[in-house]
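Below you'll find the structure, written out as structure tokens, and then a few comments.
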Amino acid sequence: MYLFKEIARLQEALEQEKTAGRRIGFVPTMGALHEGHISLIRTARSVSDIVVCSIFVNPTQFNDPKDFELYPVTIKEDILKLTGAGTDILFLPSVNEMYPEGVNAKHRYYDFGYLETVLEGAYRPNHFQGVGVIVHKLLEAVQPDDLFMGQKDYQQCMIIKRLLELTAIPSKLHICPTLREEDGLAMSSRNMRLDPRARQIAAQISQTLRYVKQNVRSIPFPDLKQNAAKQLQNAGYQVDYIEIANADDLALLNEPVAGEMVALAAAKLGEIRLIDNMIIAKP
Ligand code: AMP
């Protein structure tokens, strides 16, 4: 695996591959890699000739400075995992490389519309603008044919879909399934920060989403959401939201619809904020 820290060096290497007609697949990450990330690499491996992974903890998408400071960094282990999964290129830029204009400069604004106002958008001001800025910069650097992202961050996938439309970048977005621990907890770099007691409770978020999914056509939504919030609170979670939305546009629902729906939750165990979601397929 090659490692590049500068956009110019990365592009020189990729230029040769593109000239040779090779298909470039790209998996952007913030590191502290787990099997969920590696599953994206494996999917990319099956579709692409050249698999590029980036590790960059993007300061502009953290609305909580403490969350940024405490974000886990495990670069040595990450490199071993990426090599093991057959990654061709790791792009590991510095903050200065990605933000030569400065992190606090005025960045480009993306009109994500409604998508940015609900759920994560409502609870994490400016988060999706930060995601838009960095993913746009990374896509300009790599110019991949295929882009691989996880359904774990459902709203982020929708934001990136919109970003690709807004910027007319021709990369194809592949949304890959959420990998879970044995007890159902969605894998996440932030899980590393859960203490043993919190880790035991943590799977309740996926159990509650499953409860919502199973009862979506039998219990009225207001009661269903209230029961779900109670379940999380009883387990020790502080709930930000538990919602049922239209899977296509994230319009929040008060009753079932004929199309695909998605149940989404965000809740905190102490300082650690976890998110998860489950698709509720059409009947
Ligand atoms: P992150 O490093 O958290 O920014 O995640 C990088 C990519 O991995 C994003 O596209 C995530 O949606 C995806 N990802 C994170 N956790 C999982 C998971 N448990 N299963 C599948 N993909 C995931």
| Only one residue in Gly86, Gly102 is touching a residue at least 24 places away in the same chain (Cβ under 8 Å), small (Gly, Ala, Ser) and in the same structural domain as Gln155 (by TED's automatic domain parsing). Which one? | Gly86
| message | Residue under question is Ser94, and the condition is that it be in contact with a Pro (Cβ under 7 Å, 6 or more places away or on another chain) and more than 12 Å from the ligand (Cβ to nearest atom); does it hold? | response | no
| task | Among the residues of segment 154-199, write down those that are within 14 Å of the ligand (Cβ to nearest atom) and among the small types (Gly, Ala, Ser). | result | Ser171, Gly184, Ala186, Ser188, Ser189
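Could you grab me the full set of residues in segment 6-63 that are of a type in the set (Asp, Glu) and over 22 Å from the mean Cα position of the chain (by Cα)? Before the answer, list the steps.
Within segment 6-63, the first condition is being of a type in the set (Asp, Glu), and the residues that meet it are 6, 12, 15, 17, 35, 49.
Glu6, Glu12, Glu15, Glu17, Asp49 - these are the residues of segment 6-63 that are of a type in the set (Asp, Glu) and over 22 Å from the mean Cα position of the chain (by Cα).
On the basis of being within 10 Å of the ligand (Cβ to nearest atom), more than 14 Å from Val142 (Cβ to Cβ) and not β-branched (Val, Ile, Thr), does Ala32 make the cut?
Numbers: within 10 Å of the ligand (Cβ to nearest atom): yes; more than 14 Å from Val142 (Cβ to Cβ): yes; not β-branched (Val, Ile, Thr): yes.
When the stated conditions are applied, Ala32 passes them.
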| remark: Going through segment 119-148 in order, the residues found to be of a type in the set (Val, Ile, Thr) and under 22 Å from Phe68 (Cα atoms) are Val131, Val133, Ile134, Val135
| query | Which one is farthest from the ligand (Cβ to nearest atom) among residues in segment 1-26 that are of a type in the set (A, V, I, L, M, F, W, C) and closer than 23 Å to Asn96 by Cβ? | reply | Ala8
| Is there any pair with a first residue in segment 177-192 that is outside any loop (DSSP other than H, G, I, E, B) and a second that is within 6 Å of the ligand (Cβ to nearest atom) and among the hydroxyl-bearing types (Ser, Thr, Tyr) whose Cβ atoms are under 7 Å apart and which are 6 or more apart or on different chains, and what are they? | Ala186/Thr178
| Exactly one of (1) at negative phi; (2) more than 13 Å from the ligand (Cβ to nearest atom) is unmet by Pro72. Its number? | (2)
| request: Tell me, yes or no, whether segment 97-120 has at least one residue that is of a type in the set (D, E, K, R), crowded, with 17+ Cβ neighbours inside 10 Å, within 15 Å of the ligand (Cβ to nearest atom) and part of a helix (DSSP H, G or I). | output: yes
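Can you confirm whether Leu82 is of a type in the set (A, V, I, L, M), surrounded by 21 or more Cβ atoms within 10 Å (Cβ to Cβ) and outside any helix (DSSP H, G or I)? Full working, then the answer.
Values: of a type in the set (A, V, I, L, M): yes; surrounded by 21 or more Cβ atoms within 10 Å (Cβ to Cβ): yes; outside any helix (DSSP H, G or I): no.
The answer is no for Leu82.
The values are calculated or read from the model by the stated rules, or taken from the named source; none is laboratory data. Note that the structure is predicted; figures quoted are calculated from it, not measured. Methodologically, a virtual Cβ is constructed for each residue, glycine included, from the backbone with ideal geometry; neighbour enumeration extends over all protein chains shown.
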